[in-house]
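Visitor: One structure, pasted below without further comment.
Coordinate-derived values only; no laboratory data. Just so it is clear, the structure is predicted and the values come from calculations on it, not from any experiment. Positions of Cβ are generated from backbone atoms using ideal geometry, with glycine treated the same way; all protein chains shown enter the neighbour counts.
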Amino acid sequence: MIEVQDLTKVYKLSKSKMAQLKTNSNIKRAADGISFTAKPGEIYGLLGPNGAGKTTTLRCIATLLTPTDGHVAVCGHDTVKEGEQVRESLGFLTNEIKLDPFFTPKYLFEFFGHAHGMTDSEIAARKADLFGRFGITAFEDKKIESLSTGMKQKAAIVVSLVHNPQVVIFDEPTSGLDVITAKSVLDLLKSLRDEGKTIIISTHIMSEAEKLCDRIGVIIDGHKVAEGTVPEIVEKTGAADLEDAFFVLYRDNHKEEEYNPQKAFGGARK
Ligand SMILES: Nc1ncnc2c1ncn2[C@@H]1O[C@H](COP(=O)(O)OP(=O)(O)OP(=O)(O)O)[C@@H](O)[C@H]1O
Ligand SMILES: [Mg+2]
């Protein structure tokens, strides 16, 4: 279970970042009062355009960022006060995570298994299951640097799932993958969901959200502007399909940045 309550994350912006974001404010409310709950046995999708605040939200859930305001709990543990327990119960995946090129999938899997306090036999059983499911067994003794992009991605995924976490967080699961590898990643997420795990992903790909997610939270400019199943969101917006619904929500909710110091600093803890 993931419980996100009024999550706010404010970044201080450098001059160059202000120029890049075309704003005259030196802070950015990347997540601005976001609340939602993702339950065991469901895939919850954060759907939003570039810069909406998806990665920021996921990094706060994964304890990689400290929220400026609000609360996040994973399996009942507060991400700020009980970071250790939270990290034990989740696997955080992103395409930016790169495995050390000189090691092998087998070595890394065992290394991280031991780091999580697992015994040799627990690691061996887990490896047989995950490496088998992902077709990694034949490559387990090859150096990461010699593997294809897809195999590297799969190796990174299994390493982050070594401790069999209850919660799986995946920032843009198929970004940069070919359709075959993307399908195997999506199939894995579905099978984890069917095992009763809580899965949360971010995406801006409509077809992925439609096919994969049981419920979706649409995020625009740091705000959750809609939530529900795909048919519910389509119906609420009076649109023909999810893509249309997304355009309606974007048109109605996206505002160009305007500098308002009162709003900008109000409520921010630091
Ligand atoms: N460390 C940072 N310092 C300052 N601003 C940041 C920082 N990280 C993100 N931002 C800004 O916060 C906003 C939200 O960024 P975030 O990466 O969460 O968006 P996203 O929805 O994941 O976008 P994308 O689809 O491009 O991955 C963006 O405007 C981004 O430029
Ligand atoms: Mg992102």
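Visitor: In the chain, what % of DSSP beta bridges are antiparallel (nearest 5)?
Guide: If I count the DSSP bridges inside the chain, around 50 percent turn out antiparallel.
Visitor: While we're on this one: Using the structure shown, select from Lys22/Lys183; Lys152/Lys183; Lys143/Lys197; Lys22/Lys54; Lys54/Lys152; Lys54/Lys197 the pairs with a Cα to Cα distance greater than 26 angstrom.
Guide: Among Lys22/Lys183; Lys152/Lys183; Lys143/Lys197; Lys22/Lys54; Lys54/Lys152; Lys54/Lys197, the Cα-Cα distance tops 26 Å for Lys22/Lys183; Lys143/Lys197.
Visitor: Local charge sum around Val158 (other residues, Cβ-Cβ under 13 Å, Lys/Arg +1, Asp/Glu -1)?
Guide: Around Val158, the charge tally is +3.
Visitor: Using the Cβ atoms and a cut-off under 10 Å, what net charge is assigned to the surroundings of Pro105, where Lys and Arg are +1 and Asp and Glu are -1?
Guide: +3
Visitor: Give me the dipole magnitude in Debye, nearest 20, for the stretch 89-202 about the Cα centre, with unit charges on the beta carbon: positive for Lys and Arg, negative for Asp and Glu.
Guide: 160 debye
Visitor: What's the local net charge at Glu140, with K and R +1, D and E -1, over the other residues with C-beta under 12 Å away?
Guide: Combined, the nearby Lys, Arg, Asp and Glu give +3.
Visitor: Using 0.36 nm per residue, how much length does the chain from Asp100 to Glu195 gain when fully extended, once their Cα-Cα distance is taken away?
Guide: Contour length minus Cα-Cα distance gives 31.2 nm.
Visitor: Each residue of the stretch 225-236 in turn: what ³J(HN,Hα) in whole Hz from Karplus with 6.51, -1.76, 1.60 and θ = phi - 60°, glycine and Pro shown as x?
Guide: 9, 6, 8, x, 6, 4, x, 5, 5, 4, 5, 4
Visitor: Quick query: amide H of Val80 versus all other amide H atoms, modeled in the peptide plane; which residues come in under 5 Å with a sequence gap of 5 or more or a different chain?
Guide: Distant-sequence amide H within range of Val80: Val72.
Visitor: Going through the stretch 1-105, which chymotrypsin sites (Phe, Trp or Tyr not before Pro) have at most 16 other Cβ atoms within 10 Å and a DSSP loop state? Display every interim value, and only then the final one.
Guide: Working: sites: Tyr11, Phe36, Tyr44, Phe92, Phe102, Phe103; in loops: Phe102, Phe103.
The qualifying sites are Phe102, Phe103.
Visitor: Mind giving me the FRET efficiency for Thr229 and Glu84? R0 is 30 Å, r the Cβ-Cβ distance, nearest 0.05 is fine. Write down the numbers at each step before the final one.
Guide: On the way: r = 35 Å, r/R0 = 1.15.
The value I calculate is 0.30.
Visitor: Okay, next question. With angles folded into 0 to 90 degrees, how steeply does helix 179-194 sit against the dominant principal axis of the chain? Use alpha carbons for both and round to 10.
Guide: Roughly 90 degrees between the two axes.
Visitor: Still on this structure, please answer the following. Scan the stretch 1-82 for trypsin sites (Lys or Arg not before Pro) in coil per DSSP, keeping those whose Cβ has at most 13 other Cβ atoms within 10 Å, and list them by number.
Guide: Lys22, Lys81
Visitor: Going 7 Å from the Cα of Asp252 toward and past its Cβ, which residues in the stretch 207-235 have a backbone nitrogen under 20 Å from where you end up?
Guide: 210, 215-235
Visitor: Based on the alpha-carbon gyration tensor of the stretch 23-67, what equivalent-ellipsoid semi-axes (square roots of 5 times the eigenvalues) come out, in whole Å, largest first?
Guide: Its equivalent ellipsoid spans semi-axes of 23, 13, 9 Å.
Visitor: Report the semi-axes of the equivalent ellipsoid for the chain in whole Å, largest first, where each axis is √(5λ) for an eigenvalue λ of the Cα gyration tensor.
Guide: For the chain, the semi-axes come out at 33, 21, 18 Å.
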